[in-house]
1. Look at PRO282 and say whether it is modelled with pLDDT of 95 or more and open to solvent by 30 Å² or more (accessible area, probe 1.4 Å).
2. Need the failing condition index for VAL334 against (1) in contact (Cβ under 8 Å) with a residue 60 or more places away in the chain; (2) assigned to a loop (DSSP other than H, G, I, E, B); (3) over 25 Å from GLY64 (Cβ atoms), just the number.
3. Any idea which of (1) modelled with pLDDT of 95 or more; (2) over 28 Å from THR121 (Cβ atoms) is the one PRO295 doesn't satisfy?
4. Out of the residues in region 181-208 that are free of Cβ contacts under 8 Å to residues at least 60 places away in the same chain and touching a strand residue (DSSP E or B) at 6+ places or on another chain (Cβ under 9 Å), which is most open to solvent (accessible area, probe 1.4 Å)?
5. Please specify each residue of region 196-229 satisfying the condition of being closer than 13 Å to LEU170 by Cβ and assigned to a helix (DSSP H, G or I).
6. Return the total of residues in region 246-281 being outside any strand (DSSP E or B), among the hydrophobic types (A, V, I, L, M, F, W, C) and more than 29 Å from ILE101 (Cα to Cα).
7. How many residues does region 148-174 contain that are within 13 Å of ALA240 (Cβ to Cβ), over 14 Å from the mean Cα position of the chain (by Cα) and open to solvent by less than 10 Å² (accessible area, probe 1.4 Å)?
8. Residues in region 209-236 that are open to solvent by less than 20 Å² (accessible area, probe 1.4 Å), without any contact (Cβ under 8 Å) to a residue 60 or more places away in the chain and within 17 Å of ASP346 (Cα to Cα): how many?
Amino acid sequence: MTQPKFTAMTRRSVLKVSGYAALGTLAAPAILRAQSSELVIGCAGSHTAWMEQIVVPHMKTAIGADILFEGTKSSVNLEKMSSNKDAPYLSVVQMDDPVMIQAVEADLLTPITAEPVPNMTDLRPDAVHMDGMWCNYVQPWAGVAYNTEFQADGVQSWAQLWTDEAKGQLIIPSLQNTEGMWTLFVSAMLGSGKPFSEAQYEIDAAFAKLEELKPNLLSVYTTMSQAFNLLEQGEITMLAGNFSSYTLPRKATGVPVDLAAPSEGIFAMPSGICLVKGGPNPELAEAYVNEMLGPQMQTAIADFATSVPANTTVTAGAIIPDGVPIYSPDWSFVAANRRDWIERFDKLMAL
């Protein structure tokens, strides 16, 4: 099976799906049919595949929505919401938890409530944040992606990133990308010798350990797809901080990659969904969020993206590796310090 190629999408590139228009109109409630059917959704660029294949046709059928999908980094979505605060054009944004905290602090979100979004009542308690300011809809796990043709024994320890054998064979994410935090926190654990609960606050130790990693780096990425292409082609052997929703679907197509769960632990990579304050078509936006949290979408996305669903009525998606600690950082600490960390990281890791 060959993985289909997807073109980049912009606000103006409406994702149209033939054959669903009439059915979607019949299925949509009257209150939704009375308004524009267009919704602009901000989301991660790495989610393009399942957004296009699964979410777009479902939303046309279920609620009559024409989805305009803007795929980019969470930090860029935050910038878009902030710069357009007085006249928002995004209705819903799907992004990472630490950036959600910043969006709440900037008063950019409207709470999700159970009356228009009843499916939120079936979510795990830890999937609803700050009285509904955002909800998690899936949770991939993050480890080390590797090329199975060149790294036949996998990656047993995060410390392998620092070995001589990895020289020039490694790419890590920038801290501008949320998955970049995993390399930072691993560096803190290895550099301080403390358990994760304490090590995540040892940022000086983290940066000292990152400096030791620099000779092994081919590059640092901000666009994951480009780095992953190098991994698939064998130009590098390891890609740190990657997650199950990207690596494992590629593995399933026959690409020579896999995702390692190193013995020191893996990381929870929660994906959140929120309503933009003052965004267009609020009722349609709520209907979209309700569908994303419902069993049909939860099952389909979790299976496609090899992630853990948030809806407790659903059994699907990723199998978390046994016997490996799973860490979730103090996101408030991350949100408060991330800007300074990015500046420090960019200066340190300039290649």
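The values are calculated or read from the model by the stated rules, or taken from the named source; none is laboratory data. Computed from a predicted structure; not experimentally measured. All Cβ positions, even for glycine, are placed from backbone atoms using ideal geometry, and neighbour counts span all protein chains on display. Only protein heavy atoms, including side chains, enter the accessible area calculation; ligands, DNA and RNA are left aside. Shrake-Rupley method; radii C 1.70, N 1.55, O 1.52, S 1.80 Å.
1. yes
2. Every listed condition holds for VAL334 apart from (2).
3. For PRO295, the exception is condition (2).
4. Among those that are free of Cβ contacts under 8 Å to residues at least 60 places away in the same chain and touching a strand residue (DSSP E or B) at 6+ places or on another chain (Cβ under 9 Å), it is SER197.
5. Within region 196-229, LEU210, GLU212, LEU213, LYS214, PRO215, ASN216, ALA227 qualify.
6. 2
7. 8
8. Total satisfying the criteria: 3.
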